[in-house]
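The values are calculated or read from the model by the stated rules, or taken from the named source; none is laboratory data. What you see is a predicted model, and the numbers here were worked out from it, not measured in a lab. With ideal geometry, Cβ positions are generated from the backbone for all residues, glycine too; neighbour counts draw on all protein chains shown.
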Amino acid sequence: MSLTVPTSTTLVELQDVHLSFGSNEVLKGIDLKVNKGDAVSIIGPSGSGKSTILRCINGLLIPQSGKITVGRTRVDELKTETERIALRKRIGIVFQQFNLFPHLTVLENITIAPRKILGISEAEANRHARDLLEKVRLEQKANAYPGQLSGGQQQRVAIARALAMRPELVLFDEVTSALDPETVGEVLAVIRDLVREGMTSILVTHEMRFAEEISDTVVFTENGLIVEHGTPDEIFSKSTNPRINSFVNGLGGRATPLHDGEGI
Amino acid sequence: MLDGFTTHFIDLMKTVGLNFEFLTSGYEVRMWLDGMVTTLVLVVITIPISLIFGVLFAAALTSGKKWLAVPVRAYVELTRNTPTLVQLMCGFLVLNMLISNALGGAQNNPLTPFFWVVAITGLHVAAFHAEALRGGIEAVPSTTIEAARAIGFNSLQILRYVELPLAVRSALPSIINNLVNLVKLTTVGSAIAVGEITYASIMIWTQRDNVVELMLVILLFFSLINLVVARIGFWLEKRLAVPGFGQ
């Protein structure tokens, strides 16, 4: 795969990233480039290292070798936890299991980080949080606790929480995998809006049609390597790699034209 | 009027065979009431001390830093597994003497028996709080912690805003149990002449042979304090309950 020198529009770049857990080699040389404003989907079989790539980008995992750049920050050269925390403030992440704070209301879940980490006033944080809740269509749930919400609602709160820090980049880690089929659509609709607004996004997903619809670039990972990357059309329709074809067809079938607002 | 009431009370008790004659002795009554006040003061001071150190010990135990966790673990094991009365004697008779010697005589030592009861019982129960909270902290799902790290919290903020609030909720029943025990534990002070209610009662009944009467009052007194402690705990549990969590 060809890699060019980072240009002014490159926000995230990984070069030859290797990571092992003990003797288990999870990433075997990942190269990935994400331009500002782009949506990149990472697809591939379970255990191929998709989620691990996301955790390397925000410094939750530290690879053994390779270069990772986010904006002007060399993530692989960060030495202290303080430096990594500074990085994480700039990157939002949404998890498969939502991981909301169960003892805080929806509003508190969204405002706690801006207030306690950025030192934003409660009134200002609340105002921003209500705007975000409107964006994820949950303004009426501000005072509910996570335990009172459906999975889809919790996941939309988690997206609002990630956006509350005004991140440069949002990572989505299989955010619909733990949801009931009928609530997947509402979460994907929120992500679609975000991508259209130009939020740089990296999505690990099994929603093939969704990936095809919203992505600027799709990468296919297998066994810790990026096997192929290209436009959605190149991956989903024109790939000559039989492994990719069988994976794509096995999950949700060959992509068919998608209507706006359709979930899966 | 109060005297009239006291006399009436003493007469009434006499009819059921209880001797409360000591209530007519100003000296004994004062000692007895001082004992009640001392017990209440001990309770009011040792409860927050035990809670503060319980949180600190739990933070140290779960910090992942060996230089913090190992000494606190050793302390917790030592204090949990040995009798409080023996610890109190060790503190007051051994440590206190060493401190006195180091300061050039007991007259220079500011530490009173009262201090030793507060320190020993408060820190003793803190060890139990620490274990209850440690369990609660370790029960917080690793995914929740990961989310907190990803959002940009440092480890102290994670402890304060995520782990402790969740741990307190799950540990509260144990903590209230520990506090009920702490209230009762203050009576060990009588062994080193701290004038709390048990000590005052012993002083009175060795003169008057009215053990049963004073014992009844002691039992009632502690039952009342612990009823209040348990009610506050119950109220806190209700107040901190989170819909859809831990129910």
Sole residue being within 21 Å of the chain's Cα centre (by Cα) and touching a residue at least 40 places away in the same chain (Cβ under 8 Å), chosen from A:ILE117, A:ILE91, A:ILE85:
A:ILE91
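Kindly provide the set of residues from the stretch B:147-203 that are among the small types (Gly, Ala, Ser) and within 14 Å of chain A (Cβ to nearest Cβ), ordered by number.
Step one: filter the stretch B:147-203 for residues among the small types (Gly, Ala, Ser), giving B:147-148, B:150, B:152, B:155, B:167, B:170-171, B:174, B:189-191, B:193, B:195, B:200-201.
Residues satisfying the conditions are B:ALA147, B:ALA148, B:ALA150, B:GLY152, B:SER155, B:ALA167, B:SER170, B:ALA171.
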Hits in the stretch A:64-79 (condition: assigned to a loop (DSSP other than H, G, I, E, B) and either without any contact (Cβ under 8 Å) to a residue 40 or more places away in the chain or within 13 Å of chain B (Cβ to nearest Cβ) (or both))
A:ARG72, A:LEU78, A:LYS79
Residues within the stretch B:63-92 that are assigned to a loop (DSSP other than H, G, I, E, B) and under 21 Å from B:GLY122 (Cβ atoms), tallied
2
Being away from every other protein chain (no Cβ under 14 Å) and touching a residue at least 12 places away in the same chain (Cβ under 8 Å) is the requirement here; does B:ALA230 meet it?
yes
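How about the stretch A:80-139: which helices (runs of 4 or more DSSP H) wholly inside it have at least 2 residues that are within 7 Å of chain B (Cβ to nearest Cβ), crowded, with 21+ Cβ neighbours inside 10 Å and not small (Gly, Ala, Ser)? Reasoning before the result, please.
On the way: elements: A:81-88, A:106-116, A:122-135.
Result: empty, no element qualifies.
Can you name the residue in the stretch B:132-144 that is more than 9 Å from chain A (Cβ to nearest Cβ) and surrounded by fewer than 19 Cβ atoms within 10 Å (Cβ to Cβ) and is also farthest from B:ALA59 (Cα to Cα) among such residues?
B:SER142
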Tell me which residues, restricted to the stretch A:48-63, are more than 14 Å from chain B (Cβ to nearest Cβ), of a type outside the set (S, T, N, Q) and under 17 Å from the mean Cα position of the chain (by Cα).
A:GLY49, A:LYS50, A:ILE53
Here are the criteria: (1) free of Cβ contacts under 8 Å to residues at least 40 places away in the same chain; (2) farther than 24 Å from A:LEU163 by Cα; (3) of a type outside the set (Ser, Thr, Tyr). Tell me which single one B:ASN154 does not satisfy.
(2)
Of all residues in the stretch A:140-188 being more than 13 Å from the chain's Cα centre (by Cα) and among the acidic types (Asp, Glu), the one that is nearest to the other protein chains (Cβ to nearest Cβ)
A:ASP180
Quick check on my filter: what residues within the stretch B:103-142 are of a type outside the set (S, T, N, Q), more than 23 Å from the chain's Cα centre (by Cα) and more than 30 Å from A:PRO102 (Cα to Cα)?
B:LEU103, B:GLY104, B:GLY105, B:ALA106
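Of A:ALA144, A:ALA162, which residue is farther than 24 Å from A:ILE53 by Cβ and either assigned to a loop (DSSP other than H, G, I, E, B) or at pLDDT 95 or above (or both)?
Numbers: A:ALA162 fails: farther than 24 Å from A:ILE53 by Cβ.
Just a single option satisfies the conditions, and that option is A:ALA144.
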Could you list, in sequence order, the residues of the stretch B:12-35 that are touching an Asp or Glu at 6+ places or on another chain (Cβ under 8 Å) and over 14 Å from B:GLN207 (Cα atoms)?
B:MET13, B:LEU18, B:GLY35
Consider B:LEU224 carefully, then state whether it is exposed (fewer than 14 other Cβ atoms within 10 Å of the Cβ), modelled with pLDDT of 95 or more and assigned to a helix (DSSP H, G or I).
yes
Taking the stretch A:17-63 and keeping only residues that are in a loop (DSSP other than H, G, I, E, B), hydrophobic (A, V, I, L, M, F, W, C) and exposed (fewer than 15 other Cβ atoms within 10 Å of the Cβ), one is left with A:ILE62
